[in-house]
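Student: Take a look at the following structure, please.
The values are calculated or read from the model by the stated rules, or taken from the named source; none is laboratory data. Note that this is a predicted model, so its numbers are computed, not measured. In this analysis, Cβ positions are derived from the backbone assuming ideal geometry, glycine residues included, and neighbour counts consider all displayed protein chains. Just so you know, the surface numbers come from the protein's heavy atoms only, side chains and all, with ligands and any DNA or RNA stripped out. Shrake-Rupley method; radii C 1.70, N 1.55, O 1.52, S 1.80 Å.
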Amino acid sequence: MSVSKPPPPHSHFPPSNPSSHLPLPPSSSTSPSPSTPPSAAGPPSPAVPPTPSPVKISMQEHFAINVCPGPILPIPQISDFFPRFHDFPITPLPPREKQVLKDKDKDGDGNGEKDRKREREQGENGEFADSDDDDTYLGTLEFSLLFDQENNCLHCTIHKAKGLKAMDSNGLADPYVKLHVSIHSPSLFQANKLRTKTLKNTLNPVWNETLIYHGITAADMTTKTLRLCVCDMDRLGRNEFIGEVRVALKKLKEGESKKYYMGLERITQTREGNSQAVDPGAPVAEEERGRILVSLMYITEKSSLIVGIIRCAHLAAMDSNGYSDPFVKIVLQPNMGKKSKYKTSVKKKTLNPEFNEEFTYEVPHDQLAKKTLEISVWDYDLGMSNDFIGGVELGINAKGERLKHWFECLKYKGKKVEYWHTLTQQGAPSSD
């Protein structure tokens with residue numbers, strides 16, 4: 001294909017590269033007209049310069065001149081539809097515009113000032129009521145707490161979550177809630193965790209599930225914090241963190257169920273046990289290895305002491321799977337032979353075992369004041385020596401709650417006295 005156009009006047013220069021041009025058919029204007037015979041031609045006219053051949057344009061030049069492709073549009077990528085697959089940092093979502101609330105004080109009723117005061121009080125108590133802060137897009141969590149001081153239990157009821165952040169490629173999530181109470185021993189970090197069931201493919205999960213922490217005393221309520229983390233379960237990879245809330249337990253009253261509706265936040269995840277500063281001159285506290293609930297009762301008619309091993313809580317993990325196979329040994333010292341040693345059954349793969357077993361020692365009441373009850377918790381290992389987890393001693397030479405427990409057992413005959421005791425490595429037996 002070629003296009004002809006007349007050359008500029010008086011231009012007798014040939015094309016620069018005739019070989020690159022496409023051939024043109026011979027022009028009919030140069031041939032003589034068949035209607036005019038040669039004999040009829042008149043006298044020769046004056047010489048007229050021959051008409052030069054038209055300029056030829058190559059195919060490449062034609063497309064370069066007359067074709068305009070316009071702006072080149074980018075090809076849509078899958079990352080445009082699912083931002084989490086971007087290989088580069090994404091600009092964070094802009095903050096939600098705060099809705100301008102109408103001032104209700106114009107009518108003189110003063111309700112607007114009361115509402116603002118109520119919101120401030122809810123913020124101080126850790127409650128949440130439709131806040132417009134920057135972290136609202138992570139979602140909200142609704143739960144309630146109840147402290148049972150009589151049984152030393154903290155009941156945590158997880159109701160539901162709303163508007164969670166999408167974590168999966170389908171625009172949904174597989175959320176669950178993980179709870180733990182702040183502790184001072186890194187070895188008990190795993191033992192302190194409780195979690196709800198996982199709900200599939202939802203951003204508004206409803207659990208209505210109650211989790212119970214055993215061995216929480218009134219002293220713990222004044223110093224510890226409950227942390228609730230919402231995570232997304234991923235079978236093919238690591239579970240993803242969505243957000244968390246924290247509640248100071250000192251604000252919770254005994255026997256009162258308090259409901260919370262809080263917005264999830266992204267708080268720097270540090271373990272409270274490692275973040276506290278230690279005074280070099282202060283005495284080092286004993287490392288807590290868990291807790292055990294023990295009951296004592298002396299029956300005068302049978303001249304016997306009944307020791308009950310009810311349960312343990314937050315035991316230290318001794319196995320590679322993050323759990324232990326615990327059992328409890330009790331010995332009444334001075335040694336009374338085989339009748340002074342007892343052992344509970346083994347509970348497999350748990351850090352919060354429940355035993356509910358009782359043992360009887362036949363001993364006169366006047367000699368009981370000279371005795372010491374040694375309680376130790378062990379991790380059972382098949383074919384190997386058992387691992388010592390922690391222990392506690394009750395007797396007239398004990399201190400604090402341990403002495404108080406033993407004294408009440410001697411004083412109130414026929415009454416079952418239950419106490420939670422902290423397990424430590426002090427006075428660990430030399431062998432199982």
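Student: Out of curiosity, is Leu164 assigned by the TED database to the domain that holds Thr222, part of a strand (DSSP E or B), at pLDDT 90 or above and under 30 Å from Ile216 (Cβ atoms)?
Tutor: no
Student: Is it fair to say Gly215 is of a type in the set (Gly, Ala, Ser) and open to solvent by 20 Å² or more (accessible area, probe 1.4 Å)?
Tutor: Spelling it out, it is not the case that Gly215 is of a type in the set (Gly, Ala, Ser) and open to solvent by 20 Å² or more (accessible area, probe 1.4 Å).
Student: Related question: Could you grab me the full set of residues in the range 186-206 that are modelled with pLDDT under 85 and out of contact with any Asp or Glu (no Cβ under 8 Å at 6 or more places or on another chain)?
Tutor: Hits for the range 186-206 are Pro186, Phe189, Gln190, Ala191, Asn192, Lys193.
Student: Please go through the range 348-364 and pick out each residue that is of a type outside the set (S, T, N, Q), open to solvent by less than 60 Å² (accessible area, probe 1.4 Å) and touching a strand residue (DSSP E or B) at 6+ places or on another chain (Cβ under 9 Å).
Tutor: Hits for the range 348-364 are Leu351, Pro353, Phe355, Glu357, Phe359, Tyr361, Val363.
Student: Something else now. Can you tell me which condition Thr268 does not meet? The list is (1) modelled with pLDDT of 90 or more; (2) open to solvent by 60 Å² or more (accessible area, probe 1.4 Å), and all the others hold.
Tutor: (1) is the only condition that Thr268 fails.
Student: Can you confirm whether the range 236-243 contains a residue that is surrounded by fewer than 20 Cβ atoms within 10 Å (Cβ to Cβ), more than 20 Å from the chain's Cα centre (by Cα) and polar (S, T, N, Q)?
Tutor: No: the range 236-243 contains no residue that is surrounded by fewer than 20 Cβ atoms within 10 Å (Cβ to Cβ), more than 20 Å from the chain's Cα centre (by Cα) and polar (S, T, N, Q).
Student: Where in the range 327-416 are there strands (runs of 3 or more DSSP E), lying fully within it, with 3 or more residues that are under 25 Å from His214 (Cα atoms), in contact with a Lys or Arg (Cβ under 9 Å, 6 or more places away or on another chain) and modelled with pLDDT of 90 or more?
Tutor: 354-362, 372-379, 387-395
Student: What number of residues within the range 167-180 satisfy the criterion of being at pLDDT 85 or above and under 26 Å from Ile292 (Cα atoms)?
Tutor: Summing the residues that are at pLDDT 85 or above and under 26 Å from Ile292 (Cα atoms) in the range 167-180 gives 2.
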